[in-house]
1. Could you count how many residues in region B:59-78 are in contact with a strand residue (DSSP E or B) (Cβ under 8 Å, 6 or more places away or on another chain), away from every other protein chain (no Cβ under 14 Å) and over 15 Å from residue B:32 (Cβ atoms)?
2. Of the residues B:53, B:94, which is away from every other protein chain (no Cβ under 14 Å) and either at pLDDT below 95 or part of a strand (DSSP E or B) (or both)?
3. Considering only region A:10-24, state which residues are surrounded by 12 or more Cβ atoms within 10 Å (Cβ to Cβ) and within 14 Å of chain B (Cβ to nearest Cβ).
4. Condition first: part of a loop (DSSP other than H, G, I, E, B), at pLDDT below 95, in contact with a strand residue (DSSP E or B) (Cβ under 9 Å, 6 or more places away or on another chain) and buried (at least 16 other Cβ atoms within 10 Å of the Cβ). Can you find one or more residues in region A:82-95 that meet it?
5. For region B:19-43, give me the residue count where each residue is within 11 Å of chain A (Cβ to nearest Cβ) and either assigned to a loop (DSSP other than H, G, I, E, B) or surrounded by fewer than 18 Cβ atoms within 10 Å (Cβ to Cβ) (or both).
6. Take the residues in region B:97-110 that are in a strand (DSSP E or B) and either within 7 Å of chain A (Cβ to nearest Cβ) or closer than 19 Å to residue A:90 by Cβ (or both); name whichever of them is modelled with the lowest pLDDT.
7. Condition test on residue A:6, is it within 13 Å of chain B (Cβ to nearest Cβ), in a strand (DSSP E or B) and either free of Cβ contacts under 8 Å to residues at least 40 places away in the same chain or out of contact with any helix residue (DSSP H, G or I) (no Cβ under 6 Å at 6 or more places or on another chain) (or both)?
8. Surrounded by 15 or more Cβ atoms within 10 Å (Cβ to Cβ), at pLDDT 95 or above and under 23 Å from residue A:46 (Cα atoms), is that true of residue B:61?
């Protein structure tokens, strides 16, 4: 079955710097790749997603890139702010369903003022 | 996006007992899912809650331990049966409003078994 690896597990940056989180997946049939942000005591919040027919997607300070050949996708956050501090999860869906997901292990991002 | 309410938000339960978690959505959705998030870990899919039929369970999860109901398009329950301390986790409801669209999560139910 699908397996998603996420790196790094922790990431600390200075406010205003960029942050990059990388994920790899194993199942070439996967075609949907969302990213979720989880703050302490809350459920995961969808921040951006990408489908396999697109190589890059951007939403303000957040962007996601997808390399289907290499089976990896990345989250890029520019101009980081302290409120970006949270745990970020990547996920992949080999079922062509947005809700049936295999998650990465998570990255704890800390943005220092 | 759909607004998802889970009850209870947290509970402390005695081992050997059962707890039923409710998930209510403010609009009709096609798909509902249940996930488990063990302490400090990632999310693992337990099952897909099917409206009007038995849930579809993922490998490692069985109906006797995690019975699920979905009587209509806005509501589902997950029961954690015969609990042990290893069941201490956050249980999350997720919905997919329309087929092949993004999924949204509830705030989760934090369960502690003592």
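1. 2
2. The conditions single out B:53.
3. A:21, A:23
4. Of the residues in region A:82-95, the ones part of a loop (DSSP other than H, G, I, E, B) are A:85, A:94-95.
Filter once more, so that each one left must be at pLDDT below 95: A:94-95.
Right, trim to in contact with a strand residue (DSSP E or B) (Cβ under 9 Å, 6 or more places away or on another chain) and you get A:94-95.
From what's left, buried (at least 16 other Cβ atoms within 10 Å of the Cβ): A:94-95.
Yes.
5. 5
6. Taking region B:97-110 first, the residues in a strand (DSSP E or B) are B:103-105, B:109-110.
Okay, now just the ones that are also either within 7 Å of chain A (Cβ to nearest Cβ) or closer than 19 Å to residue A:90 by Cβ (or both), so B:103-105.
Working: B:103: 88, B:104: 93, B:105: 95.
Once the filter is applied, the top-ranked residue is B:103.
7. Values: within 13 Å of chain B (Cβ to nearest Cβ): yes; in a strand (DSSP E or B): yes; either free of Cβ contacts under 8 Å to residues at least 40 places away in the same chain or out of contact with any helix residue (DSSP H, G or I) (no Cβ under 6 Å at 6 or more places or on another chain) (or both): yes.
Yes: the conditions hold for residue A:6.
8. On the way: surrounded by 15 or more Cβ atoms within 10 Å (Cβ to Cβ): yes; at pLDDT 95 or above: yes; under 23 Å from residue A:46 (Cα atoms): no.
Here the answer is no, as residue B:61 does not meet what is asked.
The values are calculated or read from the model by the stated rules, or taken from the named source; none is laboratory data. Remember, predicted model here, so these are calculated numbers, not experimental data. FYI the Cβ positions are ideal-geometry reconstructions off the backbone, even for glycines, and counts take in every protein chain you see.
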